[in-house]
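This report concerns only the one structure given below.
Only the coordinates and a few stated rules stand behind these numbers; no lab work does. Note that the structure is predicted; figures quoted are calculated from it, not measured. Quick reminder, even Gly has a Cβ in these numbers, built from the backbone with ideal geometry, and neighbours come from all protein chains shown.
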Amino acid sequence: MIVVEERIHLGMDDIDSPRGGCTTHFASLLVEYLSTIGAKWIDYPNLVRLNPNIPYRTRGNGAVALRFDIDSSESEGILKWVSEKIVGYIEKSYPNTNPGVIIVKGEISNDVTNFARRALWRALPIELARRILRKHELMHFCVGNGRGLIGALSSIGNQLRNDHTYEFLAYRGLDAIGETRGVNPQSVIEMDKMFSGRLFSNLDPVSGRILVEPRGPDPVLFGLRGEAAGDVIRAADHVQSSQDIDRWMVFRTNQGTNEHLENRLQISRLRPYIAVTVEGRVESQPTMLEGGHVVFKLGDDSGTIECAAYEPSGDFRKTILLLRQGDSIVILAGVRPSSKNHGLTLNVEGLQVREVTEQVEYANPVCPRCDRRMKSAGKQKGFKCANCGHRDAVAEKIATPVSRSLKIGYYLPPLSAQRHLTRPLARIKRRNRGRPDHMVEEWHIP
Ligand code: ATP
């Protein structure tokens, strides 16, 4: 019998809910199944993070694509297996779970690639995804309003060509979800030291807090981020937890790449929910509001907009407070829609200081006779010395430059407040381009 192999790109999203379940965990079940029916993997599962400002995301707006070659007689069966399994997996009572699964055979069209590029920073309508599905007659399955098709299509179209990182995700058994994970912080600290320079964002060096253990009731036990698949797998051996690892899988991902921030817009073109960078000048000195949020106004040739750095961004707000009117900056942000009390607002995710303006303080002149600071002699009457009585009708206030402690540079909130997509300082100069030539032998269990 002649076996004809087909190349399959299978995208999925929204197979989760806040009370359990998770798209990546479901992907690991699917990888196990596909391996048993002869899938030849051409890439690690891709964990593609999309626009982090989308309001209906559960957590980090992640979708997953699997890429493999398989006997063409199997492809129809795959969608059937997935659709049956999903129905048993999701929480049907939760209205915000709208799974979508798509299969693309062979080449990925430009329509899909462009859609994926836009999903990184814009809010896209489901109808646009459906139009592409119809035009290219793509096999798909969805539940509820089908919103998961947006992420599913985007994960297929984003082949992580410009930069990528890896995440090792360890899962606990679904019956153990209500209990504490018990990841041992000391084991993470030691692991981080051991793999210094090859892992990132697993430990906050400032607070000492470990960042590998999620909080919610999802199946993830811990996740390790790094630059190479082999590193994250080896590093995982050193992490201790009170719960057992039920299964694990390595993902190639756009986490830590700033891929959502490749578009710069003028203020007048900003729209709700987009991820964007905006260049402009500080128009009002930042102030801290009750509750700890710091706000200021940014302006460019097209208009002005309010910017806000929130309380969880910690010491990053201290940097924002050093900004002064006229400073030239680039803001990395998500656009918050206007509300009753606020107009459109830039939620600040990062700051690049381009130029700091010279600031001056004005002081009264000093008396030439007795060296004391003079007082105003009245409106347009110059100054007089309260000590010796000297008067000077034409003297003016003296401008003295104030030294600025804010330096030109790139500033981010602490690691714990960064988005999955944010390029952390540890990766500023690092790029991992293209799909790896070969995959490590064991990248998922079982
Ligand atoms: P988890 O991290 O557990 O996978 P999540 O944060 O990824 O959860 P989802 O429950 O998957 O959140 O919900 C995100 C929803 O938003 C999905 O239905 C996805 O298809 C959709 N979505 C993603 N990006 C966009 C976008 N740019 N425009 C419109 N909808 C989007």
Open item on the list: Give me the mean projected area, in nm² to one decimal, of the convex hull enclosing the Cα positions of segment 72-228.
Closed with: 12.3 nm²
TODO: Please give the contour-minus-distance gain from residue 83 to residue 400: 0.36 nm per residue of separation, less the Cα-Cα distance, rounded to one decimal in nm.
DONE: 107.0 nm
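Can you pick out the pairs among 318/340; 297/318; 85/105 whose Cα atoms lie more than 19 Å from each other? Could you put the intermediate results ahead of the total?
On the way: 318/340 28 Å; 297/318 16 Å; 85/105 21 Å.
In this structure, 318/340; 85/105 exceed 19 Å between Cα atoms.
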TODO: Enumerate the aspartates and glutamates that residue 379 could reach by cross-link, defined here as Cα to Cα under 15 Å, with residues fewer than 8 away along the same chain left out.
DONE: 392, 396
Task: Spacing of the two label points (7 Å from each Cα toward its C-beta) at residue 189 and residue 410, in nm - done: 2.9 nm
Task: Projected area, mean over directions - segment 82-148, Cα convex hull, nm² - done: 5.1 nm²
Task: Separation of the residue 371 and residue 392 label points, Cα + 7 Å toward Cβ, nm - done: 1.6 nm
Open item on the list: Compute the distance from the alpha-carbon center of segment 355-388 to that of segment 133-170, in whole Å.
Closed with: 67 Å
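Kindly provide the helix-only [θ] at 222 nm of the chain, computed as the sum of -39,500 (n - 2.57) over DSSP H runs of four or more divided by all residues, to the nearest 500 deg cm²/dmol? Provide the component values of the computation, followed by the final result.
On the way: 8 runs with 83 residues, N = 446.
Here the helix-only value at 222 nm equals -5500 deg cm²/dmol.
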TODO: Give the long-range amide H neighbours of residue 120: residues separated by 5 or more places, or on another chain, with amide H under 5 Å away, using H modelled in the peptide plane at 1.01 Å from N.
DONE: 51
- [ ] Under a 10 Å cutoff between Cα atoms, tell me which one of 83, 207, 187 has the largest fluctuation in the Gaussian network model of the chain.
- [x] 207
Open item on the list: Give the aspartates and glutamates reachable from residue 135 as a straight Cα distance under 15 Å; neighbours fewer than 8 places away on the same chain don't count.
Closed with: 107, 111, 127
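Starting with the highest mean, order 395-405, 294-304 by the number of other Cβ atoms within 10 Å, averaged over the residues of each peptide.
Values: 395-405: 11.3, 294-304: 16.9.
So the peptides 395-405, 294-304, ranked by packing, come out 294-304, 395-405.
Take every DSSP beta bridge with both residues inside the chain and express the antiparallel ones as a percent of the total, to the nearest 5. Intermediate results must be reported in sequence, preceding the final value.
Numbers: 83 of 89 bridges.
Of the beta bridges lying entirely in the chain, close to 95 percent run antiparallel.
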- [ ] Work out from phi, with θ = phi - 60° and the Karplus expression 6.51 cos²θ - 1.76 cosθ + 1.60, the ³J(HN,Hα) of each residue of segment 415-428, listed in order in whole Hz, and give x for Gly and Pro.
- [x] 3, 5, 9, 7, 5, 4, 7, 4, 6, x, 4, 5, 10, 3
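Could you work out the equivalent-ellipsoid semi-axes for the chain, taking the square root of 5 times each eigenvalue of the Cα gyration tensor, largest first, in whole Å?
Working: eigenvalues 564, 118, 69 Å².
They are 53, 24, 19 Å, listed largest first.
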Open item on the list: Show me the ranking of peptides 189-201, 99-111 by mean Cβ neighbours inside 10 Å, starting with the highest.
Closed with: 99-111, 189-201
- [ ] Would you mind telling me which residue in 30, 412, 421 has the biggest mean-square fluctuation in a Gaussian network model of the chain, where springs connect alpha carbons within a distance under 10 angstrom?
- [x] 30
TODO: Would you mind computing, in nm to one decimal, how far apart the modelled labels at residue 341 and residue 32 are, each placed 7 Å from Cα along Cα→Cβ?
DONE: 4.9 nm
Open item on the list: Checking the cross-link filter: which lysines have an alpha carbon closer than 20 Å to that of residue 384, excluding same-chain neighbours under 8 positions apart?
Closed with: 375, 397
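Work out the FRET efficiency for residue 176 and residue 271 from their Cβ-Cβ distance, taking R0 = 41 Å, and round it to the nearest 0.05. If you can, show how the numbers build up before the last one.
Numbers: r = 43 Å, r/R0 = 1.04.
In this case the efficiency is close to 0.45.
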